[in-house]
Amino acid sequence: MNQRRIRVALLGATGSIGRSTLDVIKAHSDRFELVGITANSNSSQLAEIATQFGVRTAILTASNGRELVDRSRFPKNCEVLFGQDAVEHLASSPDVDIVVSAIVGAAGLRGSLAAVGAGKRLAIANKETMVIAGATVRKLAQKTGAELLPVDSEHSAIFQAIKSGREKEVCRVILTASGGPFRDFPKEQMDQITPAMALKHPTWKMGPKITVDSATMMNKALEIIEARWLFDLKAGQIEAVIHPQSIIHSLVEFCDGSVIAQLSPPDMKLPIQYALSYPERLDGTSPRLDLTTRMSLELIPPDIEKFPAIPLGLEVAERGGSSGVVVNAANEVAVDAFLNGKLSFSQIVPACRAMLDHHEFISEPTYEEITSLDDWAREETIKWMHLCC
Ligand code: NDP
Ligand code: MG
């Protein structure tokens with residue numbers, strides 16, 4: 001019997017996750033059809049993807065999108081649209097089955113919320129969605145029947161391992177972290193780290209923001225918060241451990257002491273594919289583990305004095321409410337300032353800590369409160385940077 005192909009909208013198609021998603025869709029073109037794509041400003045790559053995949057809707061979100069676009073480079077039957085409203089429209093369209101949320105930063109929230117509001121399957125790479133609005137997203141998904149499928153490799157691993165027992169039998173989840181490029185770097189020299197040094201990740205090839213987040217370990221902080229909301233855990237049930245090889249993607253411990261892990265070489269195509277095909281598993285598009293040669297897998301407790309992001313992430317997961325909004329916004333501003341030579345590497349996490357401590361906590365922020373707190377934290381972080389540097 002001929003099955004209809006699953007229609008995928010890919011938000012952030014021109015990024016690192018976007019490209020890996022395209023590889024998965026291409027490898028399984030009998031199963032998936034790419035119907036809509038978005039980028040911020042990379043119009044030429046957007047046009048190439050639209051042409052290659054015969055996409056019906058392509059969206060540029062940058063405020064000067066109309067000036068950037070060369071319409072003649074897009075296929076004739078492809079509608080080219082602009083702005084965040086168009087992203088919301090695509091993410092909630094009845095012509096879409098799965099939305100892949102792969103925009104970087106808080107800018108990904110609107111598309112994610114639109115997809116959840118419309119009851120779609122949301123494949124969540126944009127971890128900021130859960131960090132900022134985890135409680136709102138969960139509640140909305142319960143109402144609309146939307147499915148939340150993790151793409152982040154750690155959360156995909158937990159999603160797979162956690163099925164080995166019942167919800168009440170889960171004792172703790174242990175997120176693995178490569179430790180980034182500065183795992184063995186002297187603590188006293190952390191303020192001499194340059195953007196070029198921070199952008200060299202030892203095991204993963206990713207966009208610049210998440211690569212810097214991995215270096216500060218804010219990525220693990222964001223992932224701890226993401227796990228808290230995705231799996232409805234208590235902060236005390238979440239731990240992080242350094243695993244330099246990036247083969248074990250995370251572990252779940254059950255009440256009887258059994259620890260179940262998911263292993264594979266570091267390649268985002270696997271968790272992306274699983275989020276698209278779940279509950280089915282399709283033939284692999286990423287490399288397999290070679291167990292014919294000797295391999296060491298290390299698990300090392302993190303140095304939380306050197307990487308204060310980890311306790312910060314646990315604190316945000318514990319406090320909930322508006323904490324994730326301000327910490328995420330501060331981190332985005334601080335990472336951008338670091339990449340532009342305006343803030344030292346070792347001040348990124350203190351900027352996040354300052355916003356967490358100074359903001360007026362709201363236990364159940366509305367969408368409007370989330371966006372205004374996000375604006376507030378961005379402005380305050382800029383002021384904080386002027387004062388501290
Ligand atoms: P990239 O920087 O490679 O790509 C970002 C994408 O978002 C691009 O398509 C970009 O468009 C678009 N974009 C950037 N800014 C905006 C904006 N303001 N509004 C709308 N679209 C925008 O990021 P990654 O692919 O590395 O990461 C994407 C998300 O996935 C992040 O949340 C990250 O934390 C998460 N993630 C990434 C992993 C990875 O391996 N890369 C692993 C796990 C999670 P343009 O090209 O036009 O700028
Ligand atoms: Mg991850």
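Annotations
- Take the Cα of Leu199, go 7 Å toward its beta carbon, and the backbone nitrogen atoms of region 318-341 under 13 Å from that spot belong to 336, 338-341.
- Shown is the FRET efficiency for Asp23 and Glu169, computed with R0 = 22 Å from the Cβ-Cβ distance and rounded to the nearest 0.05: 0.05.
- Size descriptors for region 240-389, from the alpha-carbon set: Rg then Dmax equal 19.7, 56 Å.
- Net charge in the neighbourhood of Leu343 (other residues with Cβ under 11 Å of its Cβ; Lys, Arg +1, Asp, Glu -1) is -1.
- Restraint check, Lys139/Lys205; Lys120/Lys269; Lys139/Lys163, Cα-Cα greater than 27 Å: Lys139/Lys205
- Distant-in-sequence amide H partners of Ser178 (H built 1.01 Å from N, under 5 Å): His243
- Kirkwood-based shape ratio for region 186-258, expressed as Rg/Rh from alpha carbons: 1.03
- Kyte-Doolittle mean at least -1.0 and Cα axial length at least 30 Å: DSSP H helices in the chain: 367-388
- Within the listed set Leu46, Leu34, Leu297, the residue fluctuating most in the Gaussian network model of the chain (springs between alpha-carbon atoms under 10 angstrom) is Leu297.
- 14 Å beta-carbon shell around Gln52, net charge (K/R +1, D/E -1): +1
- Max mean-square fluctuation residue, GNM over the chain, Cα-Cα springs under 10 Å, options His155, His358, His249: His358
- Once Rg and the Kirkwood radius are both taken over the C-alpha atoms of region 216-290, their ratio Rg/Rh works out to 0.98.
- The chain: relative contact order as a whole-number percent, Cα under 8 Å and 6+ apart: 14 percent
- Within a Gaussian network of the chain (alpha carbon springs, distance under 10 Å), most fluctuating of Lys220, Lys187, Lys127: Lys187
- Each other residue within a Cβ distance under 13 Å of Ala141 adds +1 if Lys or Arg and -1 if Asp or Glu, for a net charge of +3.
- Label-point separation in nm, Leu297 to Tyr367, each point 7 Å along Cα→Cβ: 4.2 nm
- Equivalent ellipsoid semi-axes, the chain, via Cα gyration tensor eigenvalues times 5, rooted, Å: 30, 26, 21
- Of all beta bridges that DSSP places with both ends in the chain, some 25 percent have antiparallel geometry.
- Modelled spin-label separation between Lys187 and Lys342, with each label point placed 7 Å from Cα along the Cα-to-Cβ direction: 3.1 nm.
Readers should treat all values here as calculations from the given coordinates under stated rules, not as data from a laboratory. Only a predicted model underlies this, so the values are computations on that prediction, with no experimental measurement involved. Backbone-built Cβ (ideal geometry, glycine too); neighbour counts: all protein chains shown.
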